């Protein structure tokens with residue numbers, strides 16, 4: 001079956017806008033930056049909001065080189081955003097590679113984390129890492145409180 005859909009370009013824009021007011025003069029400090037990244041070849045966009053139960057580990061996204069039902073293809077991956085929609089509580093999210101090594105990050109209330117590559121690596125010695133030799137297999141969220149998170153995955 002031929003598709004009537006063709007891939008497009010996902011545009012991701014990050015904006016920073018800060019004014020620090022000087023107490024006695026008009027010498028305010030302004031920081032205004034916008035960074036835009038265009039990601040070509042996106043044919044699928046998946047967006048979902050999950051309500052995660054308290055004190056529970058949740059596997060939300062899985063990747064595989066030969067995906068089955070519910071997994072995303074590692075070769076087609078383009079972009080992922082994880083956003084903690086809670087206004088009070090944080091969570092920990094883990095990117096676990098195919099050999100079970102894990103990168104863990106705190107994600108505070110209202111915060112987002114964006115990745116555009118599934119390549120990760122790390123070590124316990126503190127030595128410089130020269131390549132990202134492992135591929136993310138799962139994205140897991142660990143919660144202490146019930147929270148809502150949004151996951152967006154774009155792929156070819």
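Read-outs: derived from the displayed coordinates by stated rules, not from any lab. If you're wondering where the values come from, they're calculated on a predicted model, not measured in any experiment. Cβ coordinates were reconstructed from backbone atoms using ideal geometry, including for glycine residues, and neighbour counts include every protein chain displayed.
Numbers for the structure displayed
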{"read-out": "Two-site label geometry, residue 87 and residue 130: point separation in nm, points 7 Å out along Cα→Cβ", "value": "5.1"}
{"read-out": "As computed over the chain, the Cα convex hull volume per residue (Å³)", "value": "188"}
{"read-out": "Prolate/oblate/rounded label for the stretch 1-58 (Cα gyration tensor, a/c 1.5)", "value": "oblate"}
{"read-out": "Sequence-separation-based contact order of the stretch 42-155, relative, with Cα cut under 8 Å and 6+ spacing, percent", "value": "45"}
{"read-out": "Of 92, 116, 25, the one that fluctuates the most in a GNM where the chain has Cα springs shorter than 10 Å", "value": "25"}
{"read-out": "Distance (nanometres) between label positions extended 7 Å along Cα→Cβ at residue 50 and residue 99", "value": "2.6"}
{"read-out": "Highest average packing first - 126-139, 30-43, Cβ atoms within 10 Å", "value": "126-139, 30-43"}
